[in-house]
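*Asks:* First the structure, then my questions, so here it is.
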């Protein structure tokens with residue numbers, strides 16, 4: 001578990017980096033604020049000031065890695081040392097796949113990743129709802145998931161996201177308490193998570209079973225979430241892989257706009 005001071009230090013360093021460069025770092029704050037006992041975060045301080053940070057974010061057998069260095073402390077080897085510590089921890093924990101995350105506009109991050117031999121795999125858009133109003137919806141119901149929905153959640157993740165079933169079971173067991181199930185007259189057809197944080201509502205893991213796609217259900221779900229969250233005073237955000245043209249078109253059709261992009265690189269330790 002991270003201490004309150006560590007969280008403050010991470011947030012301060014993030015602001016320093018983002019103010020210096022036109023980027024947005026993806027630090028998975030929901031996960032940082034709810035860390036367990038595993039040591040998945042690495043720090044370097046100079047004169048009691050955090051100047052380098054690296055975090056590991058596990059999603060089943062895949063681990064994502066993201067970090068940052070204070071602009072005035074770059075090229076001093078601080079981050080490389082944290083990177084080596086992180087790779088050792090990944091080896092100890094036995095993760096099967098490593099994804100290194102970097103803001104699409106960060107030339108320094110790309111240079112570091114290139115030096116490590118990482119290979120580009122895909123990019124994600126971070127989107128924000130920019131619409132002015134949203135119409136009422138009917139025909140779909142969002143309800144809190146229960147333990148009886150666990151197998152359906154696994155099925156949706158495997159069929160809609162092509163996830164490995166073992167990974168899906170691990171992730172669904174961790175997030176079930178936050179999941180909303182999507183019901184229509186035919187029964188349960190999808191799921192979604194909505195996480196509120198610092199005035200923002202983020203949509204995660206949104207999926208409709210393949211046999212029910214193309215029927216307008218996803219659009220109705222999005223409209224319902226947008227209306228509820230924006231009425232409560234939250235801005236609404238989500239992420240989508242840039243190559244997923246179907247999902248991107250759906251999100252744009254209800255008023256989401258691209259605001260930032262993140263690149264992901266596959267990495268295999270030497």
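The values are calculated or read from the model by the stated rules, or taken from the named source; none is laboratory data. Quick caveat, the model's predicted, so the values are computed rather than measured. Cβ placement follows ideal geometry from the backbone for every residue including glycine, while neighbour counts extend to all protein chains displayed.
*Asks:* Please give the number of the condition residue 64 fails out of (1) in a strand (DSSP E or B); (2) over 14 Å from the mean Cα position of the chain (by Cα).
*Replies:* Failed condition: (2).
Results for (1) out of contact with any helix residue (DSSP H, G or I) (no Cβ under 8 Å at 6 or more places or on another chain); (2) not in a helix (DSSP H, G or I), shown as yes or no for each residue.
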| position | (1), (2) |
| --- | --- |
| 86 | yes, no |
| 89 | yes, no |
| 100 | no, yes |
| 109 | yes, no |
| 112 | no, no |
| 122 | yes, yes |
| 126 | yes, yes |
| 142 | no, yes |
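*Asks:* Take the stretch 104-136 and flag every residue that is within 20 Å of residue 20 (Cβ to Cβ) and either in contact with a strand residue (DSSP E or B) (Cβ under 6 Å, 6 or more places away or on another chain) or not assigned by TED's automatic domain parsing to the domain that holds residue 19 (or both).
*Replies:* 104, 109, 113, 126, listed by residue number.
*Asks:* Now a separate question. Being in a loop (DSSP other than H, G, I, E, B) and either under 19 Å from residue 236 (Cβ atoms) or within 18 Å of the chain's Cα centre (by Cα) (or both) is the filter here; which residues of the stretch 128-139 pass it?
*Replies:* If the condition is that a residue be in a loop (DSSP other than H, G, I, E, B) and either under 19 Å from residue 236 (Cβ atoms) or within 18 Å of the chain's Cα centre (by Cα) (or both), then 130, 131, 132, 133, 134, 135, 136, 137 are the ones that fit.
*Asks:* Could you go through the stretch 22-43 and let me know if any residue there is more than 23 Å from residue 98 (Cα to Cα) and not assigned by TED's automatic domain parsing to the domain that holds residue 204.
*Replies:* Looking for residues that are more than 23 Å from residue 98 (Cα to Cα) and not assigned by TED's automatic domain parsing to the domain that holds residue 204, one finds at least one in the stretch 22-43, hence yes.
*Asks:* Of everything in the stretch 44-61 that's within 23 Å of residue 268 (Cα to Cα) and at pLDDT 95 or above, which residue is surrounded by the most Cβ atoms within 10 Å (Cβ to Cβ)?
*Replies:* 53
*Asks:* With the structure loaded, tell me whether residue 89 is outside the structural domain of residue 241 (by TED's automatic domain parsing) and either in contact (Cβ under 8 Å) with a residue 12 or more places away in the chain or crowded, with 17+ Cβ neighbours inside 10 Å (or both) or whether it fails that test.
*Replies:* Yes; evaluated as a whole, the condition is true for this residue.
*Asks:* Please go through the stretch 92-108 and pick out each residue that is free of Cβ contacts under 8 Å to residues at least 12 places away in the same chain and either under 18 Å from residue 24 (Cα atoms) or buried (at least 17 other Cβ atoms within 10 Å of the Cβ) (or both).
*Replies:* 107
*Asks:* Are any of the residues in the stretch 140-150 within 23 Å of the chain's Cα centre (by Cα), assigned by TED's automatic domain parsing to the domain that holds residue 235 and under 23 Å from residue 101 (Cβ atoms)?
*Replies:* The answer is no, given that none of the residues of the stretch 140-150 is within 23 Å of the chain's Cα centre (by Cα), assigned by TED's automatic domain parsing to the domain that holds residue 235 and under 23 Å from residue 101 (Cβ atoms).
*Asks:* What about residue 75, is it part of a helix (DSSP H, G or I) and either free of Cβ contacts under 8 Å to residues at least 24 places away in the same chain or touching a strand residue (DSSP E or B) at 6+ places or on another chain (Cβ under 9 Å) (or both)?
*Replies:* The answer is no for residue 75.
*Asks:* Within the stretch 168-201, can you find the residues that are buried (at least 17 other Cβ atoms within 10 Å of the Cβ), part of a strand (DSSP E or B) and either free of Cβ contacts under 8 Å to residues at least 40 places away in the same chain or not assigned by TED's automatic domain parsing to the domain that holds residue 229 (or both)?
*Replies:* 179, 180, 181, 188, 189, 190, 193, 194, 201, listed by residue number.
*Asks:* Right, next: If residue 228 meets every condition in (1) in a strand (DSSP E or B); (2) over 22 Å from residue 121 (Cα atoms) apart from one, which number is that one?
*Replies:* (1)
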